[in-house]
Amino acid sequence: MNRKLNNIFKYLLVSSAVLFLVAVWIIPARAAVDGVMTSNLRYTLTAKPGYISVPDGNSIYMWGYAVGNGNMQYPGPTLIVNQFDTITITLNNELTVPVSIVFPGQTSAVALSGSPGLLTKEALPGGFAQYRFTASQPGTYIYYSGTMPELQTEMGLVGTIIVRPNSNPLTRAYSSASSSFDREYLYLLTEMDPAVHDLVNKGKMDQVDTTTYHPVYWFVNGRSLPDTLLPPLYPTLPNQPYSASPQIRVGDRVLIRMVGAGRDLHPLHLHGNHHQLIARDGRLLSTTGTTADLAEMLFSTSVAPGQTFDSIFTWTGENLGWDLYGHALTDPLVSGFGAGDEVFVQTTLNGGITGGATQLQINTPAAGSWPATAAFRAIIWSGGGFPGSAREVVRLKRTSPGSSTFNILSRGREDTSASAWLDGDSIVYTDHGGPMPVLLPDQQFLTNGMFWSGSPFLGSTAPLPPGEGGFNPYNGFFFMWHSHSEKELTSNNIFPGGMATMAVVEHPDPAIAPFSDIPHITIVAP
Amino acid sequence: MNTIQNNMKKNMKDNRGTIRKERLRGLVLWGGVIMAVWMLMVSASDVLADGGVNFQCPATITDTTLGRTDDPYIACKHLTGGDGYVRMADQPPPPDGNAAATYIFGFCDATAIPVENVMDDCLLGAQFAAPTLQINEGDEFYLTLTNVGMNVRPDLFDPHTVHFHGFPNAAAVFDGEPMSSISINMGASLTYYYNIVEPGTYLYHCHVEATEHMQMGMLGNLYVHPAQDGTPLGTCAQGNPCTKFAYNDGDGLTGYDVEFPIQISAFDPLFHLADETVQPLPFADMLDVYPMINGRGYPDTVNAGVLTPPAENGNKNSQSVSSLISATVGQKILVRLSSVATIDFFTVQILGIPMRVVGRDARLLRGPTGQDLSYAANSVTLGGGETADVILDTTGLTAGTYFLYTANLNHLSNFTEDFGGMMTEIILNN
Ligand SMILES: [Cu+2]
Ligand SMILES: [Cu+2]
């Protein structure tokens, strides 16, 4: 595992070279998920057999949808279309059994040609079928084979359709501003019982019993940890083109499109912060249609089979109680990056306070954007530039939500002293200059994770023991995003593995973290 | 229960004697090693002020259970990570049953223990459920984790962590996920710091070798009382306003008279036996057959006290969290539901008492524009790592015994015993 990850991160340094390995027109898209667009409202997909790699070294026999005559892939190509487009899909069949595609959530989907089947028309072996739908509503949708779906989705015939909204297609998931995003990532969740695949590969399909299903592999976008961390189109994973390694800048709104593409439920837990669930099954969670007023804040989303969810994740490091960047009070501020600032909301004292005062008042309007109920650290000083040589660090809490009167929970913190301040003196809500509140043990008492930068501070380095850690681009914070059914963090009886990925949050200043994304690849099908 | 499980159980018992002898031999061998490592740590701590057992708390502790200090806004707790034993509900103490207990990894509450005694007192002192952590919004929470080592598995030099599951805007250093962070080695302490800004029902667990350490029991309740506590709002018992709340709701919707943490989980005894006896761990075949609430199966869940400790851990109390819910008719009960099950989803029901789900994943169920998302229900379904806050309004109910249990009825069992499992009682008095 360690050596493999080591190789992965060596590879990350040269990953952009992969871009040139595919003979189709590729747009490196900074904010987009990996997928396939169409220039003429048509897609040609081919159902064909192939193998995927799993981290324990096995190869698994699969059936998958390929783009045109390309590689069979798992999961199927992510079809990225625009709202109101009428899309025609031709499905060629190179398998020895009939296959098809159904489009849950596309109310206008019709099968134009093919052999009659139970759920839809099918492409016979060597033949083809054709489907058409109008993408009337934006959102995240699933598609899969409607022919023996209990076997064929397990075999890999499943994928995602993303419908971009008519307005702001590259920055919103829906027309609503509450779905705006800076980056987007796909989390298509599946599990697998290799015994089924063995039987199919040996031509013993009649012996497959999907009711005795016993999954031992779990996937995000068709890969298991640590392969989820590799870039898209990685050469040793020719049939698993999609990555699952979010890169996030402090303050970004990150859209996560979750797709339940297997047969089990998975509680997808995102470390780092809550995520806001804004849509389910391609519909904004809204009573008004204009804003996601029914959105929920969650730390885990139960992704059920056939369901899709859209969530927004943001990480700011607000109110940690210590300086995220490891600054001293006199250091320059991290500012000018919006939500990536050191969360400064500056205002002035409304009335002076004595050295013994236990409450203070501040002037609105800044008061409104300070924490409603939580306690927080603030700095008071007099005169111009921040943070004046005479200053006092305090910890404050509103007397009641909405009030601009604050209880001073503690005064003269961090080697400053409680003193008298005048009406109009400056005060700011910030962790800037807040020291690390605890002493970390010496290295010899610690085990360092391979994604640990060696420092508690974002964008900082510290010496690490030889051979440990250090796979940490620009010393970002890594967070594991994974199934919280912990059994699913394994691959064929080996821990760690399975349905897990690592997201990294990076420093907002491009001078510190140039933010060269793991490239995301949009192929435009000819 | 089916014959496969009966055979499993029989084999386990057969294996046990042999395994124990093997283990004893191992202990003699490894005892020396573990002692040597500790002595190294102790001697090193003379040189390095930050090594050895080190409980960092900037205030003086006044209540070791709640971790309160003489500073009203600072809370401090000291946990240790290690191993130990618990009794499943079908493993009663002698003379009624055999003495066999279930091997676990877990946390031990060392807050009240002088630091020089922590390594000894918490050795084999793992508790399941882990010690409950309850703190207040506005607290600065200092949580020290000391790794006392695995007495039964001295071959495992596993580090441990605390993952404060759901902590908002977490920093990697205090997240406890070992790949992206630091973990504490045997014989030393790491202090986590949390500025507590969001009230609600969370949970905590060790994240090292997550599938193993969590299946083995490093799981506990963790919740945060809101700043609104103490403000009279809404209606509670006898028509009085509530003064305790699940969240800062502004209207008393989440107000309650009494609160109970209900954490659901489940064990696979074969996995525990494999860990106890240094066998390959059956990850792929992991099968949970001991469904529990707060570390016990029914009827142990309704034992209001501490369960009789197992002999295997030197008679240390290891199952201290009762799940017996008791209230007076007319009171509002807050059930802080969480799941730390490592395999299955569970649905929890309460027979005869209406539920209102007011919180989910440590947030008030209220939309970004103030839309009320709370809902009346008769069931709550949780996957591992999910929590819900449920208010039970007992106004107008008849006094008596009510049941909270899983609607996954096959989990109303304690392994081969077709009775018990994930169930507890709610006693309503007049
Ligand atoms: Cu986790
Ligand atoms: Cu652990």
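Only the coordinates and a few stated rules stand behind these numbers; no lab work does. As the structure is a computational prediction, the values presented were derived from the model and not from experiment. Glycine gets a Cβ as well: all are built from the backbone with ideal geometry, and neighbour counts include every protein chain shown.
For the stretch B:105-143, applying the loop criterion from DSSP together with a ceiling of 13 other beta carbons within 10 Å to the GluC sites (Glu not before Pro) yields no site. Over chain B, Cα pairs under 8 Å with separation of 6+ residues give a relative contact order of 15 percent. In this structure, the pairs whose alpha-carbon distance is over 30 Å, taken from B:Lys77/B:Lys316; A:Lys121/A:Lys487; A:Lys487/B:Lys332, are A:Lys121/A:Lys487; A:Lys487/B:Lys332. For a straight C-alpha distance cut-off of 19 angstrom, the aspartates and glutamates reachable from A:Lys204 (same-chain residues fewer than eight places away being disregarded) are A:Glu94, A:Glu150, A:Glu154, A:Asp193.
Going from the residue with the fewest nearby Cβ atoms within 10 Å to the one with the most, B:Thr416, A:Thr212 rank A:Thr212, B:Thr416.
Normalised by 2.2 N^0.38 Å, where N counts its residues, the alpha-carbon radius of gyration of the stretch A:330-436 equals 0.98. Cα centroid separation, the stretch B:129-166 to the stretch A:349-395: 36 Å. Checking Cβ-Cβ separations below 4.7 Å across the protein assembly as shown identifies B:Cys206 as cysteines lacking any candidate disulfide partner.
Computed from the C-beta positions of A:Asn166 and A:Ser39, the FRET efficiency with R₀ = 22 Å rounds to 0.75. Modelled this way, with points 7 Å down the Cα-to-C-beta line, the labels at A:Thr348 and A:Ile512 are 3.1 nm from one another. For the stretch A:330-436, a simple Cβ point-charge model (Lys and Arg +1, Asp and Glu -1, everything else neutral) yields a dipole of about 360 debye relative to the Cα centre. Net charge dipole, chain A: roughly 680 debye, given to the nearest 20, about the Cα centre with Cβ charges of +1 for Lys and Arg and -1 for Asp and Glu.
With R₀ fixed at 22 Å, the C-beta to C-beta distance from B:Thr328 to B:Thr235 puts the FRET efficiency at about 0.90.
If only the Cβ of Lys and Arg carry +1 and only the Cβ of Asp and Glu carry -1, the dipole of the stretch A:74-178 around its Cα centre is close to 360 debye. Here's how it looks for A:His327: its modeled amide H is under 5 Å from those of A:Gly433, which are all 5 or more places away or on a different chain. Average 1/r across all pairs of distinct alpha carbons in the protein assembly as shown, invert it, and you get the Kirkwood radius: 29.3 Å. For chain A, the pair-distance distribution built from all alpha carbon pairs, in bins 20 Å wide starting at 0, is 21, 48, 24, 7, 0 percent.
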